[in-house]
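Below: the structure, in structure tokens.
What follows draws every value from the coordinates through simple rules; no lab data is involved. These numbers were taken from a predicted model, which means no experiment stands behind them. Note: ideal-geometry Cβ built from the backbone for every residue, glycine included; neighbour counts use all protein chains shown.
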Amino acid sequence: MATDFDAAAAEWDTPEKVERSRVLAHEILRRVPVQQDWVALDVGAGTGQLSWVVGPHVARMIVTDPSGGMLDVARTRAEDDPDRYDVRQVDLTSEPLGEKVDLVISAMTLHHVPDTQALLQALRETLYPGGWIALADLDADPENLFHDDDHDGHRGIDRDDLAARLRDLGFDDVTTETAATVFKNKHGIEREFSVFLATGRLPRT
Ligand SMILES: C[S@@+](CC[C@H](N)C(=O)[O-])C[C@H]1O[C@@H](n2cnc3c(N)ncnc32)[C@H](O)[C@@H]1O
């Protein structure tokens, strides 16, 4: 099924978005003890901006998104290192990944997912015991000042509610911190938005 993101793919990698992803990826690397032999999963990876920064720190990065258009862009870059990058078109809210991973990462995706709880549960099932989750997303935006007026996703994500849901799913050491600032102009008004990073890990047994 074609998505709005298919149409956006060719123009997605603006310098601002690439820089935002670089900052978020470095925050993930700062807060998660990433190991070189890990398998990681980027959920809602889009063109793979987060994957390319975290990827060199793990053995394998599974780059997933439901949008074929976004992944077409990701595939051209993944071809440079096919042993490390595994690009897959999948919606994990309705299809299992089919393997376990050590780390799940994501940037600016959860607020575009209709059933966020289904995705969080699927991600929890995808992690090995002791595995880590690191989800970056737009803070709550109740007046929808970030997206266009026809935005049909969530108005950002309440970081405290997400932290509580991660704890309910069994994650320990859950933290949320502001990880990046994004500037965006809507209807001629430039505004500043915060992006948080939520991390947590599963018990080892
Ligand atoms: C704002 S983009 C972020 C892309 C990328 N992570 C980045 O930071 O550039 C949101 C992404 O979420 C994806 N998405 C939409 N529904 C999804 C779902 N159910 N599961 C995973 N990703 C989804 C979209 O296709 C899109 O690529």
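Laid out as a table, the results:
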| item | result |
| --- | --- |
| Distant-in-sequence amide H partners of Val113 (H built 1.01 Å from N, under 5 Å) | His154 |
| Segment 91-200, dipole about Cα centre (Lys/Arg Cβ +1, Asp/Glu Cβ -1), debye to the nearest 20 | 200 |
| The chain: calculated mean residue ellipticity at 222 nm from DSSP helix runs of at least 4, using -39500 (n - 2.57) | -8500 deg cm²/dmol |
| FRET E, pair Asp13, Gln121, Förster distance 45 Å, beta-carbon r, rounded to 0.05 | 0.90 |
| Average projected area [Cα convex hull, the chain], square nanometres | 10.8 |
| Shape call, segment 11-54: gyration tensor on alpha carbons, a/c limit 1.5 | oblate |
| Nonlocal amide H pairs with Val101, under 5 Å, H built at 1.01 Å | Leu127, Tyr128 |
| Listed peptides 37-43, 17-23 by packing density, highest first (mean Cβ within 10 Å) | 37-43, 17-23 |
